[in-house]
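The values are calculated or read from the model by the stated rules, or taken from the named source; none is laboratory data. Remember, predicted model here, so these are calculated numbers, not experimental data. Virtual Cβ from ideal backbone geometry, glycine too; neighbours counted across all protein chains shown.
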Amino acid sequence: MTSTQTSYRLGCFVGVLSLGLASVGLSAVPSAPSHAGTSADTGLEEVVVTAQRRSEDLRKVPISMTAITPEQLETFHLQDLASLPMVTPDLNFTQGINFTQTYIRGIGSGLVNAGLEGPVATYIDGGYVSREFGGLYDILDPSSVEVLKGPQGSLYGRNATGGVLLITTADPTANSEGHLDAEVGNIGHQKLEGVVNLPISDTLSVRIAGRYRYDGGYITNLADGQLYGESELGIGRVKLAYKPNNAFSAIFYAEVDNGRGSAEPNAQFLPAVYCAFCATSTAPNPVTDPYTTSVNTFQRWGTHNNTDYYNLQLHYDTSALSLASTTTYRKMDGLSLGDYDLVASNTQIFNLGQDTGARTFSQSLVATTNLSGMFNVAGGADYVQDKSRINLFIWFQNVVPAAPAVFNTVDTKSISPFVEATITPVEHVKLVVGGRYTHDDRTIASQKYSDSAFTPRIVASYDAGLMNIYASYNEGFHAGGFSALSGPPLATVQPEKIKSYEVGLKYEAKDHRFRANAAVFRYDYTDVQVLVLDQSNASGGVSRLQNAAAANGKGVELDFHYKPMDALELFGGGSVLDAKYTRYPGAQVQLPTLDAGGNPIGSHVGFIDLSGATLPHAPRTTAFLGATARSSIGKGWKGEITATVHHSSDFDFAADSPLLRVEYQPALTTASVLAKVMPDDGRYNIGFYVDNLTNQVYYNFRFFTAPFGALQNVARPRTFGLSMGVRF
């Protein structure tokens with residue numbers, strides 16, 4: 001380990017530890033732990049969400065969604081977005097070359113670049129996040145996490161055809177409080193997290209949060225013995241809240257995220273007959289052990305990501321009207337180096353460097369009424385100005401770039417006013433009618449692209465007291481833009497459009513011990529953006545999106561939470577999804593090349609009709625089931641244990657030919673266990689965790705390009721460790 005790396009780790013540890021030491025100082029003025037009284041509760045915790053741009057009980061929101069509280073995130077050991085599918089039906093994450101791909105109900109994008117965003121919108125504290133470069137977000141000191149499923153084109157606008165992720169961080173409070181948590185585990189895992197909340201005056205308070213996380217490598221490079229899959233992350237956030245009276249509040253925060261990881265541990269996994277250059281490698285190809293690879297020797301850290309995030313929220317509330325303004329600025333820079341020649345050998349053929357960055361300003365204005373009469377209105381406007389870059393280059397032998405490939409910077413401006421009216425014609429019945437108009441302008445050099453769309457939302461619901469039944473119609477719009485990662489003039493891709501129909505119910509028992517949600521949905525999806533590899537001589541071989549003709553999906557989702565007694569909670573859910581291309585002639589796929597006897601001798605690019613084929617990232621079934629048990633263990637101590645099992649049927653990573661189906665994830669089942677003991681006042685705890693309990697082999701992604709072969713990036717094996725925490 002170099003002195004620079006040692007200093008980086010030490011600096012992160014000292015920074016977060018200082019938060020913990022500061023919080024120790026608060027013990028002279030103790031406050032009740034945030035989870036105090038849980039064991040005495042007689043029912044399930046009330047869940048308040050902001051899915052409709054106002055605070056409401058989850059049961060009253062006519063949207064299929066999963067809402068996860070901070071207590072549940074801790075109980076389930078969910079620490080980043082990648083772990084959310086463990087308790088969220090129809091949500092799927094995968095990772096590409098230094099960026100994240102999010103899919104809901106089979107809707108997502110295989111390519112996110114400077115000229116395009118994904119079709120699942122992410123908002124952090126009300127601020128739109130244009131691109132998920134730099135890996136998956138850690139969830140630090142949250143207030144809530146909400147996953148809205150299906151198009152949300154009225155309330156959240158462009159790029160919400162698949163759904164929306166709403167992440168809300170904890171605001172400063174008037175109490176002196178804090179916590180310090182630590183984990184150590186196998187494969188070098190280390191995590192230290194601290195939060196301090198201090199009232200500065202009667203009107204001003206501050207909340208400081210920090211996290212350091214390190215995970216060691218787990219994939220051995222046969223070429224040099226180096227371990228790949230290593231990652232390191234440091235996050236720091238300072239949040240100020242000014243509340244001079246009950247009507248007005250101003251909350252500002254600044255956050256810095258710094259992360260790095262080893263080069264992508266891609267491994268060739270098909271028989272050598274499909275790999276045109278595998279014979280040039282001195283290491284074995286394909287690999288037989290999924291936790292090995294054979295790639296070029298790189299520097300230890302292959303990816304570097306830095307993000308600065310600033311957020312200002314202003315709220316003015318009266319009994320009849322609420323006004324909210326959210327202003328955000330996000331600066332992101334990332335660098336990724338790796339062996340992407342699709343040979344996964346130590347032969348110097350195609351090493352790819354990717355420099356990415358974004359400067360994103362967004363402004364949101366929302367007004368909502370809270371009138372006692374028949375009508376209420378929510379309306380406002382969102383503005384986004386984004387300048388993003390993606391620069392690709394070829395490099396050799398860990399030296400400076402040897403050959404430039406792509407240097408793109410795209411300016412995007414988007415504005416979208418919206419309005420939504422809620423009408424209560426008779427008691428228990430509500431009608432929601434609304435819509436949003438969106439206009440986008442994109443520019444690269446002298447090339448321009450513009451599109452506009454109107455997306456309506458209509459909902460009818462009947463609140464029968466314990467049960468809320470609703471039916472909705474929503475339209476969504478995923479913005480088009482510049483498709484290919486090549487020099488100007490760039491190819492463009494048209495916007496996707498979706499029409500969705502949903503019927504659902506939300507039920508909560510009178511004693512608040514049982515809660516269930518169910519939804520049946522169907523969507524029609526046109527101009528679907530599909531990832532292909534353009535291998536024409538003119539392009540030189542670049543990934544791009546093209547518009548497939550059409551697709552549709554239909555399915556059922558269900559989740560429940562049951563607390564039969566104070567000492568036991570049961571939870572579970574599942575989905576059945578049928579999402580297919582209804583028309584996709586001339587799809588570009590990878591096909592086997594056969595000799596006269598029908599034996600494979602290689603592979604080539606071909607074109608077939610994929611009408612009727614399943615959409616990528618759309619498993620037929622997903623399900624999860626778990627339980628939390630709590631009990632007194634005597635002498636002023638108590639304990640709790642949570643076990644969760646998640647299952648997904650197989651799915652494709654990309655539109656793939658049934659003749660050579662390799663870009664797919666076989667069916668998988670994973671499980672996790674977390675247990676801890678603590679005194680009755682909950683001030684301290686010590687425990688253990690196990691993730692991927694059954695040591696299931698599964699993948700971050702698989703990718704095949706003829707005639708070079710197929711790569712896979714395997715996910716982490718079983719991980720386990722000890723946890724410790726203190727609350728003040």
Quiz item: Restricting the first residue to segment 224-242 and requiring it to be within 19 Å of residue 186 (Cα to Cα), which pairs with a second residue that is of a type in the set (Ser, Thr, Tyr) and surrounded by fewer than 16 Cβ atoms within 10 Å (Cβ to Cβ) meet a Cβ separation below 9 Å and a spacing of at least six or different chains?
Solution: 226/297
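Only strands (runs of 3 or more DSSP E) wholly contained in segment 610-728 count here; list those with 3 or more residues that are over 22 Å from the mean Cα position of the chain (by Cα) and without any contact (Cβ under 8 Å) to a residue 40 or more places away in the chain. Step through it out loud before you land on a result.
Working: elements: 621-634, 637-648, 668-679, 684-691, 699-705, 709-714, 719-727.
Output list reads 637-648, 684-691.
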Quiz item: Among the residues of segment 175-182, is there at least one that is of a type outside the set (Asp, Glu), buried (at least 19 other Cβ atoms within 10 Å of the Cβ), touching a Phe, Trp or Tyr at 6+ places or on another chain (Cβ under 7 Å) and in a loop (DSSP other than H, G, I, E, B)?
Solution: no
Quiz item: Can you find a residue in segment 188-199 that is surrounded by fewer than 23 Cβ atoms within 10 Å (Cβ to Cβ) and in a loop (DSSP other than H, G, I, E, B)?
Solution: yes
Quiz item: Any idea which of 645, 662 is at pLDDT below 95 and within 20 Å of residue 94 (Cα to Cα)?
Solution: 662
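Considering each of 715, 667, 710 in turn, give the residue that is of a type in the set (A, V, I, L, M), under 27 Å from residue 292 (Cα atoms) and touching a Leu at 6+ places or on another chain (Cβ under 6 Å). Give the derivation first.
Numbers: 715 fails: touching a Leu at 6+ places or on another chain (Cβ under 6 Å); 667 fails: touching a Leu at 6+ places or on another chain (Cβ under 6 Å).
Step by step, each of 715, 667, 710 is checked, and only 710 is of a type in the set (A, V, I, L, M), under 27 Å from residue 292 (Cα atoms) and touching a Leu at 6+ places or on another chain (Cβ under 6 Å).
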Quiz item: Within the group 219, 187, 208, 200, which residue is free of Cβ contacts under 8 Å to residues at least 24 places away in the same chain and among the aliphatic types (A, V, I, L, M)?
Solution: 200
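Conditions tested, residue by residue: (1) closer than 30 Å to residue 595 by Cα; (2) more than 22 Å from the chain's Cα centre (by Cα); (3) surrounded by 16 or more Cβ atoms within 10 Å (Cβ to Cβ); (4) not aliphatic (A, V, I, L, M).
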residue: 226; (1), (2), (3), (4): no, yes, yes, yes
residue: 229; (1), (2), (3), (4): no, no, yes, yes
residue: 234; (1), (2), (3), (4): no, no, yes, yes
residue: 246; (1), (2), (3), (4): no, yes, no, yes
residue: 251; (1), (2), (3), (4): no, yes, yes, no
residue: 260; (1), (2), (3), (4): no, no, yes, yes
residue: 265; (1), (2), (3), (4): no, no, yes, yes
residue: 272; (1), (2), (3), (4): yes, yes, no, no
Practice problem: Among the candidates 425, 456, 417, single out the residue that is touching a residue at least 24 places away in the same chain (Cβ under 8 Å) and part of a loop (DSSP other than H, G, I, E, B). | Solution: 425
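Can you tell me which of 109, 144, 201, 205 is in contact with a Pro (Cβ under 7 Å, 6 or more places away or on another chain) and at pLDDT 90 or above?
Step by step, each of 109, 144, 201, 205 is checked, and only 205 is in contact with a Pro (Cβ under 7 Å, 6 or more places away or on another chain) and at pLDDT 90 or above.
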Exercise. Go through (1) modelled with pLDDT of 90 or more; (2) at positive phi; (3) touching a Leu at 6+ places or on another chain (Cβ under 7 Å) and name the single condition residue 617 misses.
Key: (3)
Exercise. Confirm whether residue 88 is buried (at least 23 other Cβ atoms within 10 Å of the Cβ), modelled with pLDDT of 90 or more and closer than 27 Å to residue 701 by Cα.
Key: yes
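Kindly state which strands (runs of 3 or more DSSP E) lie completely within segment 212-315 and contain at least 3 residues that are charged (D, E, K, R).
Working: elements: 219-221, 231-242, 248-261.
By residue number, 231-242, 248-261.
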Quiz item: Looking at segment 170-211, which of its residues are in contact with a Ser or Thr (Cβ under 6 Å, 6 or more places away or on another chain) and within 13 Å of residue 253 (Cα to Cα)?
Solution: 170, 172
Quiz prompt | Hits in segment 679-697 - residues which are crowded, with 18+ Cβ neighbours inside 10 Å and within 29 Å of residue 654 (Cβ to Cβ) | solution = 691, 692
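Taking the condition small (Gly, Ala, Ser) and farther than 30 Å from residue 599 by Cβ, does residue 294 pass? I'd like the intermediate steps shown before the answer.
Working: small (Gly, Ala, Ser): yes; farther than 30 Å from residue 599 by Cβ: no.
In short, no.
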Quiz item: Got a number for residues in segment 91-103 being modelled with pLDDT of 90 or more and either out of contact with any His (no Cβ under 8 Å at 6 or more places or on another chain) or under 20 Å from residue 303 (Cα atoms) (or both)?
Solution: 1
Practice problem: Among residues belonging to segment 499-526 that are buried (at least 18 other Cβ atoms within 10 Å of the Cβ) and of a type in the set (Asp, Glu), point out the one that is modelled with the highest pLDDT. | Solution: 502
Quiz prompt | Positions within segment 422-459 being exposed (fewer than 13 other Cβ atoms within 10 Å of the Cβ) and of a type in the set (D, E, K, R), in sequence order | solution = 427, 448
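With the requirement that a residue be under 19 Å from residue 359 (Cα atoms) and of a type in the set (A, V, I, L, M), what does segment 303-326 give you? Even if it seems obvious, please write down each step before you answer.
Keep residues of segment 303-326 that are under 19 Å from residue 359 (Cα atoms), which gives 304-312, 326.
The answer is 312, and nothing else.
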